[in-house]
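Read through the structure below, which is laid out as structure tokens, and then see the notes.
The values are calculated or read from the model by the stated rules, or taken from the named source; none is laboratory data. This one's a predicted model, so the numbers in the text were calculated from it and none came from an experiment. Ideal geometry is used to build each Cβ from the backbone, glycine not excepted, and the neighbour counts take in all protein chains shown. Side chains are part of the model used for accessible areas, which takes the heavy atoms of the whole protein and leaves out ligands, DNA and RNA. Shrake-Rupley method; radii C 1.70, N 1.55, O 1.52, S 1.80 Å.
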Amino acid sequence: MLVLTFSTGIVDAVGYLGLDRVFTANMTGNVVILGMALVGADDLPVLGPVLALVGFLVGAALAGRVLRRAAVGWTTASTVLFLLIGAGLAGLAGWTAALGDEVPVEVGTTPPAGPLAVTGVLGLLMGAQAAVARRLAVKDVTTVVVTSTLTGLAADSRLAGGDSTGWKRRLGAVVLIGAGAAAGAALLRWHIAAGLGAAALLLVVAAALGHWIAHVRRAA
């Protein structure tokens, strides 16, 4: 889950810096951007965030339907979905590499159809990832946002009179999504496809490790 959180930071950096200020995993950011854009603030994008939101909802709905009858926790269906999402990210990496000068999108310009399509599909993949992560039910680690994680970290801290339960996991999620964003921004200096390719690789590795821990090692 923490590896997936790191990869999400990469994906959101790619979306925000390479696809005209769009978050494809953190939907709170898109809603805020849309709210400001609708009143004409600072030439903010509208179409990109809308596509990301719609894609995210569709992806979450599809993954939710697949997992409807699955048990809570890591199942074979979880592994398959994560692998499919990783394959989708790898496909997007190849797609963006073929877009040439269309990416990264210049801030303040209308994105071409290619990058807009990438935004929608990327949102769909991140929505599916969020739905699978929700089914795994790891407390305060959603892989796509850290607001609730920060709330739990502070509210359950010793400063607040708590026992700081799970503080390492919570702090790790916050640090890793930030580190992922930094890595995504660095990879963007090479090409937008580099960040998507790295995220795809990390997701496939996390899927394989999660399946091994949940099934192979447990059976042994």
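Descriptive notes on the structure:
- The convex hull built on the alpha-carbon positions of the chain has an orientation-averaged projected area of 13.1 nm².
- Spread over its residues, the convex hull of the C-alpha atoms of region 1-132 is 96 Å³ per residue.
- Between region 87-105 and region 8-66, the Cα center-to-center distance that results, in Å: 17
- Its Cα centre serving as origin, the chain has a Cβ charge dipole (Lys and Arg +1, Asp and Glu -1) of approximately 1180 debye.
- Long hydrophobic helices in the chain, taken as whole DSSP H segments with a C-alpha length of 18 Å or more on their own axis and mean Kyte-Doolittle hydropathy at least 1.0: 2-18, 47-66, 76-98, 113-136, 167-188, 192-211.
- Exposed-loop-free span, longest in the chain, where trypsin sites (Lys or Arg not before Pro) count as exposed if DSSP calls them loop and at most 12 other C-beta atoms lie within 10 Å: 70-138
- A 1.4 Å probe run over the chain, with the rest of the protein chains in place, finds 49 Å² accessible per residue.
- Ordering V174, G120, A154 by Cα displacement along the dipole of region 89-183 toward the positive end leaves A154 in first place; charges were set at the Cβ atoms of Lys, Arg (+1) and Asp, Glu (-1).
- Highest-MSF residue in the chain out of L34, L159, L89 [GNM, Cα springs under 10 Å]: L159
- Accessible surface for T5 stands near 0 Å², nearest 10, in the context of the full protein assembly shown (1.4 Å probe).
- Between A71 and L2, full extension at 0.36 nm per residue minus the direct alpha carbon distance yields a gain of 22.7 nm.
- Solvent-accessible area, 1.4 Å probe, carbon plus sulfur percent, for the chain: 68
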